[in-house]
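The structure appears below as structure tokens.
The values are calculated or read from the model by the stated rules, or taken from the named source; none is laboratory data. Quick caveat: nothing in here was measured; it's all calculated off a predicted structure. All Cβ positions, glycine included, derive from the backbone under ideal geometry; neighbour counts span all protein chains shown.
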Amino acid sequence: MPRSFSQVIGTDPSDGMIEQALTSTSRAEYPNVTFRKSAAESLAFLEDESVDLVVAGQAAHWFDQTKLWPEMKRILRKGGTVAFWGYKDHVYVDYPKATKILDEFCYGDNALGPYWTQPGRFIVQNKLRDLQPPVSDWDDIQRTEYEPGTEGPRSGEGTMFLNKRMKLGESMAYVRTWSSFSAWQDKFQKKKRDDGREGDIVDDVFEEMRSAEPDWRRDGEWKEKEVEIEWGSGLLLARRKYK
């Protein structure tokens with residue numbers, strides 16, 4: 001993107017994210033990239049009709065739509081575009097039993113289900129369909145979605161944007177980055193499983209998945225086993241009307 005536009009401005013309402021962006025972006029390599037602390041719904045530092053493209057990756061589900069669309073209309077030039085993309089849960093495309101167990105773990109009432117922040121998680125699950133640009137101000141509205149299958153790679157429906165070959169140990173670490181797991185930990189402060197063994201709720205669900213999938217049962221180095229993972233996703237494009 002920096003090579004396609006004369007100026008690129010990254011925004012986030014969090015000081016921490018802005019600091020991380022600044023430290024990971026080379027000013028020498030990307031002199032036209034800057035960062036500002038700001039919410040997407042309030043971009044007062046931008047002039048009216050001064051922007052060609054607004055992009056949000058795995059963020060639009062947090063936006064307040066009642067404030068978002070008027071602000072997007074204000075800052076975008078006529079014919080300017082919004083591009084919002086988000087991804088939901090991952091799927092082990094060769095392992096339907098493990099995928100079903102993980103889904104129940106994600107959203108079951110006795111697991112992580114109550115610990116997702118809503119309505120944001122629901123919007124992601126629904127592939128951003130709940131983001132509705134007002135048709136009075138926006139046209140050329142397009143949606144591109146992907147729902148993974150469990151009959152092998154690319155067995156899902158739609159256009160795939162995100163996949164990765166990952167070790168099971170890496171997959172466990174990824175699950176522990178989920179906000180719902182962090183919220184669960186904050187409530188229960190559990191360092192061990194209910195039966196006293198070392199581990200936590202993530203160890204429990206992976207043990208259940210290993211029991212269901214024979215290929216995952218190798219002791220010792222089972223965390224080194226590589227599996228193919230795909231994420232469901234949704235992309236929303238909309239163009240500001242010429243009027």
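Look at T150 and say whether it is surrounded by fewer than 20 Cβ atoms within 10 Å (Cβ to Cβ), touching a residue at least 24 places away in the same chain (Cβ under 8 Å), over 14 Å from the mean Cα position of the chain (by Cα) and in a strand (DSSP E or B).
Here the answer is no, as T150 does not meet what is asked.
Only one of these conditions is not met by D89: (1) closer than 28 Å to A183 by Cβ; (2) under 18 Å from the mean Cα position of the chain (by Cα); (3) modelled with pLDDT of 95 or more. Which number is it?
(3)
Looking at (1) surrounded by fewer than 14 Cβ atoms within 10 Å (Cβ to Cβ); (2) of a type outside the set (S, T, N, Q); (3) assigned to a loop (DSSP other than H, G, I, E, B), find the lone condition where A111 falls short.
Going through (1) surrounded by fewer than 14 Cβ atoms within 10 Å (Cβ to Cβ); (2) of a type outside the set (S, T, N, Q); (3) assigned to a loop (DSSP other than H, G, I, E, B) one by one, A111 breaks only (1).
Assess whether V82 counts as being at pLDDT 95 or above and touching a Gly at 6+ places or on another chain (Cβ under 9 Å).
So V82 fails the test.
Quick check on segment 211-240: of everything there that is part of a helix (DSSP H, G or I) and of a type in the set (G, A, S), which residue is farthest from P134 (Cα to Cα)?
Checked segment 211-240; the qualifying residue farthest from P134 (Cα to Cα) is S211.
Go through segment 29-42 and count every residue that is within 14 Å of V8 (Cα to Cα) and among the aliphatic types (A, V, I, L, M).
1
Could you grab me the full set of residues in segment 26-83 that are surrounded by 13 or more Cβ atoms within 10 Å (Cβ to Cβ), outside any loop (DSSP other than H, G, I, E, B) and hydroxyl-bearing (S, T, Y)?
Within segment 26-83, T34, T81 qualify.
Within segment 84-108, take every residue that is of a type in the set (D, E) and free of Cβ contacts under 8 Å to residues at least 40 places away in the same chain and give me the one that is surrounded by the most Cβ atoms within 10 Å (Cβ to Cβ).
So in segment 84-108, the residues of a type in the set (D, E) come out as 89, 94, 103-104.
Keeping just the survivors that are free of Cβ contacts under 8 Å to residues at least 40 places away in the same chain gives 103-104.
Working: D103: 12, E104: 16.
Step by step, filter segment 84-108, then rank; the result is E104.
Filtering segment 132-147 down to residues that are within 15 Å of the chain's Cα centre (by Cα) and of a type outside the set (S, T, Y), which residue is surrounded by the fewest Cβ atoms within 10 Å (Cβ to Cβ)?
E147
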